[in-house]
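The values are calculated or read from the model by the stated rules, or taken from the named source; none is laboratory data. Because the structure is a prediction, the values reported are computed rather than measured. Cβ coordinates were reconstructed from backbone atoms using ideal geometry, including for glycine residues, and neighbour counts include every protein chain displayed. Side chains are part of the model used for accessible areas, which takes the heavy atoms of the whole protein and leaves out ligands, DNA and RNA. Shrake-Rupley method; radii C 1.70, N 1.55, O 1.52, S 1.80 Å.
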Amino acid sequence: MAAGKVLIGFSKPYVAIYQNNNGVISYTSGQILARGVSVETELQTGSESRFYADNVQAESGGGVFTGGQATLTVDGLFMESKRLILGLPEARKITVNETQVDIIDYGDSANPPYMGVGFITQYMSDGVITYTPTMFRKVKFQTENLVANTQGEEIEWQTQALIVALMRDDSAEHNWKSEGADQDTEEEAEAVLKVLLGITEE
């Protein structure tokens, strides 16, 4: 048996609204965010605490996670997903050539909620592929940046990078991440994500 596993894939980013009821954490309004391209984290930890005795380092307390950010790259967001993660107002309608068109305004009325974010990482070990459901327990999305290039002779596939602030949750344990056991299929890992994010099948 191999000594480890190799990361080979990323998929199925999900989001849900974070709720705290006196330290009991739950999630609502969960949904798939977009098609996943990549995820990258930058974590912050407190300083290591060291105790010296008999002229040597006798004890050490590791740094505790204090925050950080993740860059979640997806193919692109539908308006429903933008409204959810950025707390955007209901659409207003304008009439264009006798057709009603929805318009979303970005401004002071936007109120980004705390969210939970889940996704699946894919691994290979000795030729066997497994899928790991992973969840950041409390995050807040920043307004998305827009980078767009004109189309030339060939299609240039362009993606959307979302910056997410990572935080510890409000439970007694102050958890910031949950990771499920490796699953044999992506569908099984997705089912775990849905339970973690409070998503029930209709």
- line: Among Asp108, Asp184, Asp126, Asp102, the single one that is closer than 20 Å to Gly9 by Cβ, acidic (Asp, Glu) and without any contact (Cβ under 8 Å) to a residue 60 or more places away in the chain is Asp184
- prompt: Of the residues that make up region 90-104, is at least one at pLDDT 95 or above, open to solvent by less than 30 Å² (accessible area, probe 1.4 Å) and among the aliphatic types (A, V, I, L, M)?
  reply: no
message: Quick check on my filter: what residues within region 162-194 are open to solvent by less than 70 Å² (accessible area, probe 1.4 Å), among the acidic types (Asp, Glu) and farther than 30 Å from Val128 by Cα?
response: Asp169, Asp170
- prompt: Take the residues of region 1-53 that are among the polar types (S, T, N, Q) and modelled with pLDDT under 90: which is least open to solvent (accessible area, probe 1.4 Å)?
  reply: Ser49
message: When you check Leu72 against the structure, is it open to solvent by less than 30 Å² (accessible area, probe 1.4 Å) and under 30 Å from Gly127 (Cα atoms), yes or no?
response: yes
- prompt: How about region 174-202: which of its residues are part of a loop (DSSP other than H, G, I, E, B) and touching a Leu at 6+ places or on another chain (Cβ under 7 Å)?
  reply: Trp176
- prompt: For region 124-156, which residues satisfy the criterion of being more than 19 Å from the chain's Cα centre (by Cα) and closer than 28 Å to Glu186 by Cα?
  reply: Met124, Ser125, Asp126, Gly127, Val128, Ile129, Thr130
task: Consider Pro113 carefully, then state whether it is more than 25 Å from Arg168 (Cβ to Cβ), modelled with pLDDT of 90 or more and open to solvent by less than 40 Å² (accessible area, probe 1.4 Å).
output: no
- request: Could you please give the count of residues in region 157-170 that are more than 20 Å from the chain's Cα centre (by Cα) and basic (Lys, Arg)?
  value: 0
query: Going by the conditions given, is Arg50 free of Cβ contacts under 8 Å to residues at least 24 places away in the same chain, of a type in the set (Lys, Arg) and either in contact with a strand residue (DSSP E or B) (Cβ under 7 Å, 6 or more places away or on another chain) or part of a strand (DSSP E or B) (or both)?
result: yes
message: Just checking, does region 54-68 include any residue being buried (at least 18 other Cβ atoms within 10 Å of the Cβ), assigned to a strand (DSSP E or B), of a type in the set (S, T, N, Q) and touching a strand residue (DSSP E or B) at 6+ places or on another chain (Cβ under 7 Å)?
response: no
